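Undergrad: First the structure, which I've put down as structure tokens, then a few questions once you've had a look.
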């Protein structure tokens, strides 16, 4: 549990640090209709005591509806790993759709739902949901913190996502 608190405190410090920068994520001079493709890496702390580390990667398509509201669709891979005598891992391919809302410049709230497909034959598909917060910048950098839950497995994670987005509209 101490490790989880340290991770969350570190992530909060990173988010606070980026709040103090001068870049902006969305422009306020009209509604953007841009489409972006983000490539991200996620590092997480599992909420189940058997697993001690999660790592993943994803591709996220983001379509701006207004200057402060975007729709998202993502696909990726997440691996939960355990150490010790009972070392093992479990993998998922999450396929999700969601929304990002920017209530403040750079800062966003997000929510996604979808399916987590198990990578082993004996792993059934799970409903997955993930609320989050983050910071997006005009230079393409996206830093997010999310809670992600795989309902079928009573398994979740608190994950820090670092991504770079390519603007496909320009």
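Undergrad: Where does each of 155, 37 land when they are ranked from fewest to most other beta-carbon atoms within 10 angstrom? Before the final figure, lay out the partial values.
TA: Working: 155 22, 37 14.
Neighbour counts put them in this order, fewest first: 37, 155.
Undergrad: Another question about this same structure. Just subtract the alpha-carbon distance of residue 50 and residue 77 from 0.36 nm times their residue separation and send over the number in nm, one decimal. Kindly include the intermediate steps, with their values, before the conclusion.
TA: On the way: separation 27, 0.36 × 27 = 9.72 nm, distance 1.96 nm.
So the extension gain works out to 7.8 nm.
Undergrad: With a point put 7 Å past each Cα toward its Cβ, work out how far residue 89 is from residue 41 in nm, to one decimal.
TA: Roughly 1.5 nm, to one decimal.
Coordinate-derived values only; no laboratory data. Values in this document were obtained by computation on a predicted structure and should not be read as measured data. Because the Cβ atoms are built from the backbone with ideal geometry, glycine has one as well, and the counts that use them run over all protein chains shown.
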